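First comes the structure, then the notes that go with it.
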Amino acid sequence: MGLLIKQYIEDDCVLGIWEVKEDYDYLFSRLSLLPEEIKTLNSFQNHLRSIEWLSVRVLLKEIAGKSLSVYYNGNRKPFIRGNSYNVSISHSRDFTSVLLSKKRKVGIDLEYMSHRISNIESKFINENEVITRNSSRKKYHLYIHWCAKEALYKICDKQDINFKKNLTIEPFVPKEKGFINGWVNNKYMDEKFQLYYFTIKNYIIVWTIR
């Protein structure tokens, strides 16, 4: 299927979403990997993990217009070789998403809405947050909260973040797409963020920039 979305968001921020239907050989052929990247790729024992890894780099090349090498720090936060861009990456099932910017910090999360997320509600929803009592909308509402907190976690460099204690999403009515406000409160900051969400098929995507 390939590129589903390439959307410019303020200044130099670009959001990309790729639906992964291609096989390993096709994705590999789209890239010119460095020796250390090939070594990393060959180290994966799971074939689907290899496909996922390749899809991220193909998507990056598609939205940046050139090949970019991705590495990870000790907190598993991705960064681009040479620090020429800030990047956030998320993938779930057949979808891969990337948010890229030269000037802004970025955070994105993508989830396929499948499992019973209400089973883990108590682990990430705090007493200041409101979830609808409408049973037909509750799962979707919870997924927006979860993805929003993941996006905040990523934009804050994954440092000193407890989803329940340090992240709060202000009350909102869930729609097909929209924006919400979220707070990060930890030893590094007490800051409000605006997050945007939308759906494709059965996937929810939430992103934020700073």
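Things worth noting here:
- One residue from Trp146, Trp183 being touching a helix residue (DSSP H, G or I) at 6+ places or on another chain (Cβ under 8 Å) and of a type in the set (A, V, I, L, M, F, W, C): Trp146
- Flag: Ile161 does not match the condition of being closer than 20 Å to Arg210 by Cβ, touching a Pro at 6+ places or on another chain (Cβ under 8 Å) and either not assigned by TED's automatic domain parsing to the domain that holds Asn202 or not hydroxyl-bearing (Ser, Thr, Tyr) (or both).
- Counting only residues that are modelled with pLDDT under 95 and either of a type in the set (Val, Ile, Thr) or closer than 26 Å to Ser135 by Cα (or both), the range 176-201 holds 2 of them.
- Considering each residue of the range 83-96 in turn, at least one proves to be surrounded by 13 or more Cβ atoms within 10 Å (Cβ to Cβ), in the same structural domain as Glu19 (by TED's automatic domain parsing) and among the charged types (D, E, K, R).
- Residue in the range 8-22 that is loosely packed, with under 13 Cβ neighbours inside 10 Å, assigned to a helix (DSSP H, G or I) and either at pLDDT below 95 or among the acidic types (Asp, Glu) (or both) present: no
- Test for Ser122: is it closer than 23 Å to Lys21 by Cβ and not assigned by TED's automatic domain parsing to the domain that holds Glu10: no
- Pair list, Cβ under 9 Å, 6 or more apart: the range 191-204 residue without any contact (Cβ under 8 Å) to a residue 12 or more places away in the chain and surrounded by fewer than 20 Cβ atoms within 10 Å (Cβ to Cβ), other residue assigned to a strand (DSSP E or B) and of a type in the set (D, E, K, R): Lys201/Glu19
The values are calculated or read from the model by the stated rules, or taken from the named source; none is laboratory data. Only a predicted model underlies this, so the values are computations on that prediction, with no experimental measurement involved. Counting neighbours? That spans all protein chains shown, and the Cβs are built from the backbone with ideal geometry, glycine included.
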